[in-house]
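Structure record follows, encoded as structure tokens.
The values are calculated or read from the model by the stated rules, or taken from the named source; none is laboratory data. Please read all numbers here as calculations on a predicted model, not as lab measurements. Here the Cβ is made from the backbone with ideal geometry for all residues, glycine too, and neighbour counts use every protein chain on show. Note: accessible area is taken over every heavy atom of the protein model, side chains too, but ligands, DNA and RNA are not part of it. Shrake-Rupley method; radii C 1.70, N 1.55, O 1.52, S 1.80 Å.
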Amino acid sequence: MSFRRNKELIEMGDTVTLYINPNNMHQVEVKEKIKNKKGELVDNVFQTTYGALKVITLIGTKYGSKVDLSRGWAYVLQPTPELWTLTLPHRTQIIYTPDISMIIYLLDLVPGSVVIETGTGSGSLSHSLIRTIRPNGHLHTFDFHEQRALLAEEEFKSHGIAEFVTVRHRDVCTEGFGEELENTADAVFLDLPHPWLTIDFAVKALKLKGGKLCSFSPCIEQVQRTCTKLSSVGFIGIETIECLQRELTVHQRTLPVLDLNSCKTKGNEPTKKFLDPVKLTTVTHPSSTPGHTGFITVATLPPQFVRICDET
């Protein structure tokens, strides 16, 4: 239940981030027993590269504390959507934090927003959407794969955020979002192979005052068809961006300083003296950067009366 609110102490049922180093993190559910491969209940002992952790001993431990493993140590952190994205069990390809932050910004989401998400997948984006729109907003998320939808629903319950999300198993490309969601959404997000097939349904789902639609596609051909469809049904402000993360390393360098007043020529060879070296703060660029993830297309649906005027 640790996704719901900030807590000081670990309790039974919490999901805890076990942090060993930036490239070695795990999500651990705090419970006494788990099932092994034979379906038998056994003690919940989590194995890491630095030894084992008896998970039940975490109860009562402060978040952020250092805990001992059998051959080392780790930190126990309260999970966030960003940490969940880095450690979640992959059922599909996922959207990562740089793209997630841009999507939330482009959709103008605030607490209280009602959002439709298509392509629940592993729930990476869903957790960030829920954090943004709660406590009064709601997420309606759809997946055409029944097992993935059921697993996502179970995760939302175990994380304590089920009241902010409704999970549905449906092929929205052919069935739409359902009559119950007509004119209810402030924003629609599409992560589908054929997003243009759902745009007519999105128009019906967005509120009469209009709203935002965002589509995430890896291929430019998908983007072209989506933009053509968006334009044909009255969306405006259509634009596509690619979000590439670039990290700069800040560090200090020591540089020698030449004393120009002391430079003399002795024979054919100049003599040089140096002053005390100076320390400068500078940055270095990465030798390589993350590659392409996907194109983010965003568009605005104007209020209904504006659309009617344009049609007449």
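Some points to look at:
- Single residue of ARG168, ARG91, ARG134 found to be closer than 25 Å to MET12 by Cβ and surrounded by fewer than 20 Cβ atoms within 10 Å (Cβ to Cβ): ARG134
- Total residues in segment 56-86 satisfying the condition of being closer than 20 Å to THR132 by Cβ and of a type in the set (Val, Ile, Thr): the figure is 2.
- Residue within segment 222-229 that is open to solvent by less than 60 Å² (accessible area, probe 1.4 Å), closer than 22 Å to PHE142 by Cβ and part of a loop (DSSP other than H, G, I, E, B) present: no
- Some residue of segment 150-164 being at positive phi and out of contact with any Cys (no Cβ under 6 Å at 6 or more places or on another chain): yes
- The combined condition, being within 30 Å of HIS145 (Cβ to Cβ), modelled with pLDDT under 95 and not aliphatic (A, V, I, L, M), is fulfilled by GLU242.
- Checked against (1) open to solvent by 10 Å² or more (accessible area, probe 1.4 Å); (2) at pLDDT below 95; (3) closer than 22 Å to ILE130 by Cα, GLY210 passes all but a single condition, namely (1).
- Any hit, segment 138-148, residues being over 30 Å from LYS7 (Cβ atoms), in a helix (DSSP H, G or I) and more than 18 Å from the chain's Cα centre (by Cα): yes
- For segment 159-174, a residue qualifies if it is assigned to a helix (DSSP H, G or I) and out of contact with any Lys or Arg (no Cβ under 6 Å at 6 or more places or on another chain), and the qualifying residues are ALA162, GLU163, VAL172, CYS173, THR174.
- Test: residue in segment 174-192 that is without any contact (Cβ under 8 Å) to a residue 24 or more places away in the chain, at positive phi and not aromatic (Phe, Trp, Tyr): yes
- THR17, sole failed condition from (1) in contact with a strand residue (DSSP E or B) (Cβ under 7 Å, 6 or more places away or on another chain); (2) open to solvent by 30 Å² or more (accessible area, probe 1.4 Å); (3) in a strand (DSSP E or B): (2)
- HIS127, sole failed condition from (1) open to solvent by 10 Å² or more (accessible area, probe 1.4 Å); (2) under 24 Å from GLU29 (Cα atoms); (3) touching a Phe, Trp or Tyr at 6+ places or on another chain (Cβ under 6 Å): (1)
- Filter result for SER215 (in a strand (DSSP E or B) and either under 26 Å from HIS292 (Cα atoms) or in contact (Cβ under 8 Å) with a residue 60 or more places away in the chain (or both)): yes
- Extreme residue, surrounded by the most Cβ atoms within 10 Å (Cβ to Cβ), among residues of segment 76-88 that are more than 14 Å from the chain's Cα centre (by Cα) and among the aliphatic types (A, V, I, L, M): VAL76
- Checked against the criterion of being crowded, with 17+ Cβ neighbours inside 10 Å and outside any helix (DSSP H, G or I), the candidates PHE177, PHE156 yield just one match: PHE177.
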